[in-house]
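Chemist: Let me begin by handing over the structure; questions about it come next.
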Amino acid sequence: MVEIRPFRAIRYDEDKVESIDKVITQPYDKIAEDLQTEYYAKSEFNFCRLILPKEKNRYEMAAGRLDAWLQAGALFKDKEPAFYVYYQDFEVLGKKFTRKGFISATELHPFKEKIVLPHEKTHAGPKIDRLNMLRATQKNLEPGFLLYSDPKSVSIDIFDSVTKEEPLYEAVDEYGVHNKIWKLSEPENIATVKNILQDQQIVIADGHHRYETAVSYRDEMREEHPDWKEEDAFNWRMTFMVPVEDTGLVVLPGHRLLLKHKVTDEHMEKIREYFSVEEMDISDADDFLEKHKGKIAFMMYDGKDAYGVLLENMGSLDELLPGEYSDDYKELDVVVLRDIIFEHIMGAEELAIDETIAYERWADDAIERVKEGKATVAFLVNATRPEQVLRVAKNGERMPEKSTDFYPKANSGFTVMDIEDGEKL
């Protein structure tokens with residue numbers, strides 16, 4: 001059973017920080033050193049100074065700054081709990097979208113309970129870093145990003161009604177994404193939204209490391225406080241929730257680049273045993289992939305030749321794909337690409353990021369890297385669809401790395417959730 005609750009957000013007083021545009025940021029794991037420097041220059045209150053301080057003792061610095069900003073009034077805590085409706089207007093691939101969701105406190109559940117589900121694998125390093133940050137600040141500084149189902153758009157109708165009011169915040173980020181936040185505090189509407197989710201399994205779209213870190217921190221706090229209660233805030237996680245049916249829920253492809261392996265004539269012969277292969281011009285890649293959206297199709301480019309690769313008969317792979325795979329998992333382009341072409345045909349197993357494989361969001365960038373000799377071959381793919389993410393996660397399966405790229409990222413800095421000892425929800 002999914003339990004969500006309103007919470008009292010810690011948030012910026014825009015009168016004290018000059019402009020909300022100057023303090024919001026991308027998530028911490030998307031902030032490279034040059035962007036970190038740019039954020040620092042924007043404002044003494046830029047949120048990067050909390051989630052990714054430059055200083056060596058960054059956890060202590062984050063905690064100290066947070067306290068100082070609260071004392072100075074740059075940050076304050078809402079007096080009454082609420083959900084926070086969050087809309088993002090953006091343009092990508094020549095089309096305009098609005099992604100609609102809300103920020104809530106969501107009860108934490110380890111993955112084994114099969115209430116909150118992952119869809120990809122995680123690594124230890126980022127979890128250790130974020131756990132140290134949680135211990136120091138005792139705050140959810142950034143929201144996770146989760147998917148739920150609302151086929152009748154009941155929640156979106158409620159959110160749309162709130163957006164007729166003046167937003168709490170309105171800001172444009174460095175990618176031109178127009179962000180707007182409203183407060184949803186009407187008890188009847190809160191109850192309706194809670195009811196939509198209560199019998200569901202929900203799926204992590206982005207922020208797996210931060211979710212697992214929050215569970216670890218919860219367990220530590222429970223051990224320290226054996227008389228803990230469900231309403232203790234450390235049992236909950238601040239999350240950005242979006243219905244999987246939302247037309248603004250955009251997933252971009254993760255194009256694959258092999259950095260050392262080459263496609264030989266022998267490999268091409270084997271590929272033709274299972275796939276229909278058409279020699280094409282690389283400039284036709286977008287048209288080929290669009291035409292075969294919903295099928296298993298790739299565009300392959302080695303700097304000289306380009307080929308459209310299409311699977312005509314799924315049954316031809318039955319003996320090659322593990323029997324424990326669900327049909328939903330077998331029908332993922334990235335799974336067929338990994339298991340059949342990379343591993344079975346090319347013998348390219350255990351590919352390591354930035355050593356033998358790389359990923360690109362934009363097809364033009366992938367093509368350019370091959371042309372420049374920075375990769376040996378590019379495999380351009382269609383994006384995984386949101387409903388596929390939901391189905392595969394509910395089957396208990398995890399997708400290959402970089403199978404999804406939900407765009408845009410939820411900006412950090414609009415809301416913070418207090419989870420210190422004694423805070424209740």
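Chemist: Step through the residues of the range 140-147 one at a time and calculate ³J(HN,Hα) from phi using the Karplus curve (6.51 cos²θ - 1.76 cosθ + 1.60, θ = phi - 60°), rounding each to whole Hz and writing x for Gly and Pro.
Modeler: Each residue's phi maps through the Karplus curve to give 7, 6, 10, x, x, 10, 10, 10 Hz.
Chemist: Cross-link partners among aspartates and glutamates for Lys293, C-alpha distance below 15 Å, same-chain residues fewer than 8 apart left out?
Modeler: By straight Cα distance, Lys293 reaches Asp284, Glu312, Glu331, Asp333, Glu387.
Chemist: Another question, if that's okay. Give me the net charge for the shell around Glu266: Cβ to Cβ below 14 angstrom, other residues only, Lys and Arg +1, Asp and Glu -1.
Modeler: With Lys, Arg at +1 and Asp, Glu at -1, the neighbours total 0.
Chemist: Now for a separate question. Pairs Lys95/Lys330; Lys270/Lys295; Lys121/Lys180: which are spaced more than 28 Å apart, C-alpha to C-alpha?
Modeler: Pairs exceeding the cut-off: Lys95/Lys330; Lys121/Lys180.
Chemist: Can you work out the PRE-style zone for Asn195? Point 7 Å along Cα to Cβ, and I want the residues of the range 136-168 with backbone N under 13 Å.
Modeler: Zone members listed by number: 154-155.
Chemist: Once fully extended, how much extra length lies between Leu70 and Asp284, figured as 0.36 nm per residue of separation less the alpha-carbon to alpha-carbon distance?
Modeler: Length gained, Leu70 through Asp284: 71.6 nm.
Chemist: To continue, here is another question. If you average 1/r across every pair of different Cα atoms in the range 344-424 and take the reciprocal, what Kirkwood value do you get, in Å?
Modeler: 16.6
Chemist: Compute the length gained on full extension between Lys96 and Ser153: take 0.36 nm times their separation in residues and subtract their Cα-Cα distance, giving the result in nm to one decimal.
Modeler: The Lys96-Ser153 span can extend by a further 18.5 nm.
Chemist: If you don't mind, there's one more thing I want to ask. Given H placed on each backbone N at 1.01 Å, which residues far from Tyr169 in sequence or on other chains put an amide H within less than 5 Å of it?
Modeler: Here the answer is Ile181, since their amide H atoms fall under 5 Å of that of Tyr169.
Chemist: So how far apart, in nm, are the two label points at Lys22 and Arg135 if each is 7 Å from Cα heading toward Cβ?
Modeler: Computed distance between label sites Lys22 and Arg135 equals 3.6 nm.
Chemist: Using alpha carbons only, how many angstrom separate the centre of the range 164-227 from the centre of the range 291-349?
Modeler: The range 164-227 and the range 291-349 have Cα centres spaced 36 Å from each other.
Chemist: Grab the Cα-Cα distance for Ile353 and Asp15, subtract it from 0.36 nm times how many residues apart they are, and report the gain in nm with one decimal.
Modeler: 117.3 nm
Chemist: Something else now. Cα centroid distance between the range 3-37 and the range 236-252, in Å?
Modeler: The distance from the Cα centre of the range 3-37 to that of the range 236-252 comes to 19 Å.
Chemist: Once Rh for the range 253-382 is found with the Kirkwood sum over Cα pairs, what is the Stokes-Einstein diffusion coefficient at 10 °C and 1.306 mPa s, in µm²/s? Provide the component values of the computation, followed by the final result.
Modeler: Details: Rh = 14.7 Å.
Rounded to a whole number, D works out at 108 µm²/s.
Chemist: Using only the alpha carbons, work out the radius of gyration and Dmax of the range 177-238 in angstrom.
Modeler: 15.3, 44
Chemist: Let me ask something else about it. Going by how many other Cβ atoms sit within 10 Å of their own, how do Arg385, Arg218 line up, fewest first?
Modeler: Starting with the residue having the fewest Cβ neighbours, the order is Arg385, Arg218.
Chemist: What are the ³J(HN,Hα) values, in whole Hz, obtained from phi via the Karplus relation 6.51 cos²θ - 1.76 cosθ + 1.60 with θ = phi - 60°, for each residue of the range 187-193 in sequence order, with x given for Gly and Pro?
Modeler: Working through the residues one at a time gives x, 5, 5, 4, 4, 5, 5 Hz.
Chemist: Give me a comma-separated list of calculated 3J(HN,Hα) values for the range 75-88, in order, Karplus coefficients 6.51, -1.76, 1.60 applied at θ = phi - 60°, integers in Hz, x for any Gly or Pro.
Modeler: The phi angles translate into 10, 8, 9, 4, 6, 10, x, 7, 8, 10, 5, 9, 10, 10 Hz.
Chemist: List the residues, sorted by chain then number, that are 5 or more residues from Lys139 or on another chain and whose placed amide H is less than 5 Å from its amide H.
Modeler: Distant-sequence amide H within range of Lys139: Ile419.
Chemist: Going by the alpha-carbon gyration tensor, a ≥ b ≥ c the square roots of its eigenvalues, is the chain rounded (a/c under 1.5) or, if a/c is not under 1.5, prolate (a/b greater than b/c) versus oblate?
Modeler: On the way: a/c = 1.89, a/b = 1.71, b/c = 1.11.
Prolate.
FYI, it's all coordinate maths here, none of it is from the lab. Note that the coordinates shown come from a computational prediction; the quantities given were computed from them, not determined experimentally. Here Cβ is always computed from backbone atoms with ideal geometry, including for glycine, and neighbour counts include all displayed protein chains.
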